Amino acid sequence: MKTIKLMAMMVLISITAAAQQTYGEIRGVLRNELKEKVPFATVKILQDDQLIGGTQSDVDGNYKYKPLEPGLYDVMVLET
C-alpha cells in the first residue's frame, strides 16, 4: 500500500514539473579593447544563424534579452 501511494505521488510531481515552463535570459556588460563600457550598441541574439531577437546596451554598456528557451545562442554586437 505504501508503494502505491509513493508512486502516485511521484507521478503527480512529474506532471506538475512537466507543466512548468523554464525560460532564461542573456545579459552582460559590453566593453571595448580598452575595457571601456560601450553604450548604445546593438546586440543580436542568434540561434543556428537565425536571428532570435535583439536589444541595445544602455548608457553603462549593460544589456539583457529575455525570455529565451534553454539552448545555445550566439551574441553579435554592433557598435554604433
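Observations
- Accessible area ranking (1.4 Å probe, heavy atoms, ligands and nucleic acids excluded), largest first, for Ile52, Ile26, Ile45: Ile52, Ile26, Ile45.
- Here the stretch 28-70 has 46 percent of its accessible surface on carbon and sulfur atoms, given a 1.4 Å probe and all protein chains in place.
- Accessible-area ranking of Leu34, Leu51, largest first, probe 1.4 Å: Leu34, Leu51
- Once Rg and the Kirkwood radius are both taken over the C-alpha atoms of the stretch 22-80, their ratio Rg/Rh works out to 0.99.
The values are calculated or read from the model by the stated rules, or taken from the named source; none is laboratory data. The structure presented is a predicted model; accordingly, all values stated were derived computationally and were not measured. Accessible surface areas use protein heavy atoms only, side chains included; no ligands, DNA or RNA. Shrake-Rupley method; radii C 1.70, N 1.55, O 1.52, S 1.80 Å.
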